[in-house]
Ligand SMILES: [Zn+2]
């Protein structure tokens, strides 16, 4: 299983990266069609503002197998509208309708953002909207994605993605937090993960500012959760353009305790899980 960060900017696109989007790839077979030959499977975790731009350099719409949205804030879902346009009118249209999984209301949310004609709600077009339920796994080829509820002001999930290891052998786990603050959901999500891809939006005490809780993690809280959950490696993402990523990284490394196992996710830099 390979992770390719596409957008690592938090809360909005930044000058060097779009908002949240991560591509996950693996070779495998289709459990629903065991006779078919193995191929490369691709799922997209979040498709936030601006992310469809660079995603096209990595995979065409007809090379994607599913899009999964952790929650319906703009910086995690808005570019599904761009994918919709390309999948409906571009030269690389999916052969079968592409599933877009998200929290309850995902179809209405994307339809409003697209400004679909009243009543049309993008029905009959190349994307198919499906609603996630807590701890009900979604199977896509060799991937199993478990949505775990996390701590954010709107309904939000983290994704625990199980899939084949690059080197063969036992399956590996990539845990992606989406947006969350610390809490039991985060620990359940990250427990024993091979890679924890965690948001880290703030530093703990930002120039004496308010200590905001219940929305996002700081570098320190991300590092503490990774350590408590026993995650083997940590990648930090979702740092807003106005926050110093080096300060976030420093906090997370200090809290986790093994600095060489904590890094900032970088767009286009492939990580083997
Ligand atoms: Zn959010």
Based on this model, can you work out whether residue 117 counts as free of Cβ contacts under 8 Å to residues at least 60 places away in the same chain and outside any loop (DSSP other than H, G, I, E, B)? no
With the checklist (1) closer than 20 Å to residue 267 by Cβ; (2) surrounded by fewer than 20 Cβ atoms within 10 Å (Cβ to Cβ); (3) touching a strand residue (DSSP E or B) at 6+ places or on another chain (Cβ under 8 Å) in hand, flag the one item residue 70 doesn't pass. (2)
Within segment 202-227, work out how many residues are out of contact with any strand residue (DSSP E or B) (no Cβ under 6 Å at 6 or more places or on another chain) and either assigned to a helix (DSSP H, G or I) or modelled with pLDDT of 95 or more (or both). 7
Any chance you could count how many residues in segment 174-191 are in a helix (DSSP H, G or I), over 17 Å from residue 162 (Cα atoms) and within 16 Å of the ligand (Cβ to nearest atom)? 1
Kindly list, by first and then second residue, each pair from a residue in segment 19-35 that is farther than 16 Å from residue 59 by Cα to a residue that is exposed (fewer than 15 other Cβ atoms within 10 Å of the Cβ), limited to pairs with Cβ atoms under 7 Å and residues at least 6 apart or on different chains. 28/38; 29/36; 29/38; 30/36; 31/139
I need a count of the residues in segment 157-199 that are surrounded by 16 or more Cβ atoms within 10 Å (Cβ to Cβ), on the phi > 0 side of the Ramachandran plot and free of Cβ contacts under 8 Å to residues at least 24 places away in the same chain. 0
Examine segment 31-38 for a residue that is surrounded by 14 or more Cβ atoms within 10 Å (Cβ to Cβ) and within 25 Å of residue 195 (Cα to Cα), and state whether such a residue exists. no
Looking at (1) buried (at least 23 other Cβ atoms within 10 Å of the Cβ); (2) modelled with pLDDT of 95 or more, can you tell me which one residue 110 breaks? (2)
Check whether at least one residue in segment 19-35 is within 16 Å of the ligand (Cβ to nearest atom), within 11 Å of the chain's Cα centre (by Cα), within 16 Å of residue 177 (Cβ to Cβ) and assigned to a loop (DSSP other than H, G, I, E, B), and report yes or no. yes
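The values are calculated or read from the model by the stated rules, or taken from the named source; none is laboratory data. Keep in mind it's a predicted model, so treat the numbers as computed, not measured. All Cβ positions, even for glycine, are placed from backbone atoms using ideal geometry, and neighbour counts span all protein chains on display.
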